[in-house]
Amino acid sequence: MTNEKEVLIQEIENARERLNASIDGREAYGTIYQCSVELDQLLNKYLLAEF
């Protein structure tokens, strides 16, 4: 189960980096929004997981 947790944490970190890059790059609102939604979903998955 630890491996699953580590994978999810890495996915969260990657999604956060994509969101930050899209904001820093002043990308279109839709792109920033999609990155934000993806990060929110991963964070929710992490919070609901029973590691």
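Quick note: the coordinates plus some simple rules give every number you see, no bench work behind them. None of these values were measured; they are calculated from a predicted model. In this analysis, Cβ positions are derived from the backbone assuming ideal geometry, glycine residues included, and neighbour counts consider all displayed protein chains.
Between 0 and 90 degrees, the angle of helix 29-48 with respect to the longest Cα principal axis of the chain falls at about 10 degrees. Dividing the helix sum by the residues of the chain, where each DSSP H run of 4 or more adds -39500 (n - 2.57), gives a mean residue ellipticity at 222 nm of -29500 deg cm²/dmol. The dipole here belongs to the chain: it is taken about the Cα centre, uses +1 on the Cβ of Lys and Arg and -1 on the Cβ of Asp and Glu, and is about 120 debye. Computed from Cα atoms, the angle from the helix 2-24 axis to the main principal axis of the chain rounds to 10 degrees. Residue ranges 38-50, 11-23 sort as 11-23, 38-50 when ordered by packing (mean number of other C-beta atoms within 10 Å per residue, highest first).
Indicate the gyration tensor shape class of the chain (rounded, prolate or oblate), computed on the Cα atoms with a ≥ b ≥ c the square roots of the eigenvalues: a/c under 1.5 is rounded; otherwise a/b larger than b/c is prolate and the rest oblate. Prolate.
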